[in-house]
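To keep things clear, I will list the structure first and then write my remarks on it.
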Amino acid sequence: KTAVLLSFDDGYKNIYGVKDWIKTKKIKPVLFVLSDHHSVDYSQIKTRRPFLTKQQIFDLKNDGWVIGSHCATHSNLKKINKKQVDLEIVKSKRDLEKQFKSKVGVVDIYQLKPLNEKKLFKLLSSYKNVIVLEEHLAYGGLATIIADFLADYSLNIKFLRIGLPDEN
């Protein structure tokens, strides 16, 4: 059976325009939102498009969309200190769970280095299943780091690696 995961990054308001069409197709997309879009690092996203409102995100969630944490402000994780990285990733997940009164079961880690093993252990330990979807490669990226980490720490978590190769 063919399966496709449809995901939207950052939570821009224009996504709301496809809500009804997606519902008619019985698609359940993943929406990766910023937990603090009022403090966005615009130098990283390079756009000033408006973001979805909290109510619009609730509407999408009620239509079956999965709400995931993209981070807090879309900061470049390579250029901030470890405490700020924690705020961007871990606190973002908790804040979204609080805002939307449900578990955020997907975390979008778009940058991982430098690897903070303590934070990664804490994050991974809160899940029973981990799926890593990577564009451009199947091995050597985030999925490999996560697979090695799960093995090294003997974490009993179901893991699926999906690699999307580049088209020739």
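Assorted remarks:
- Extension gain (nm, one decimal) between A147 and K25, 0.36 nm per residue minus Cα-Cα: 40.5 nm
- Chain lengthening between K118 and I131 when straightened (0.36 nm per residue, less Cα-Cα): 2.7 nm
- Table column - 3J(HN,Hα) (Hz), the stretch 44-58, Karplus curve with 6.51, -1.76, 1.60, x for Gly and Pro: 8, 8, 6, 7, 10, 4, x, 9, 4, 7, 4, 5, 5, 5, 4
- Counting only lysines at least 8 places from K118 when in the same chain, those with an alpha carbon closer than 25 Å to its own are K78, K79, K82, K83, K91, K93, K98, K103, K128, K158.
- Cross-link reach list, lysines versus K25, counting only Cα pairs under 20 Å and skipping chain neighbours closer than eight places: K1, K61
- Apportionment of accessible area to carbon and sulfur, the stretch 1-105, percent (1.4 Å): 53 percent
- Largest accessible area first, the residues E117, E97 order themselves as E117, E97 under a 1.4 Å probe with ligands, DNA and RNA left out.
- Net charge of Cβ neighbours under 12 Å - reference V18; Lys, Arg +1; Asp, Glu -1: +2
- Proximal charge balance of T47 [Cβ under 15 Å; K/R count +1, D/E count -1]: +1
- Accessible surface, the stretch 1-98, averaged per residue in Å² (probe 1.4 Å): 60 Å²
- When Rg and Dmax are taken over the Cα atoms of the stretch 21-71, they come to 12.4, 36 Å.
- DSSP-assigned coil residues among trypsin sites (Lys or Arg not before Pro) in the stretch 1-50, each with at most 11 further Cβ atoms within 10 Å: K1, K25, K26, K46, R48
The values are calculated or read from the model by the stated rules, or taken from the named source; none is laboratory data. Keep in mind the model is a prediction, meaning the values are calculated, not measured. Please note: Cβ atoms are built from the backbone with ideal geometry, for glycine as well, and neighbour counts cover all protein chains shown. For accessibility, only protein heavy atoms count, side chains too; no ligands or nucleic acids. Shrake-Rupley method; radii C 1.70, N 1.55, O 1.52, S 1.80 Å.
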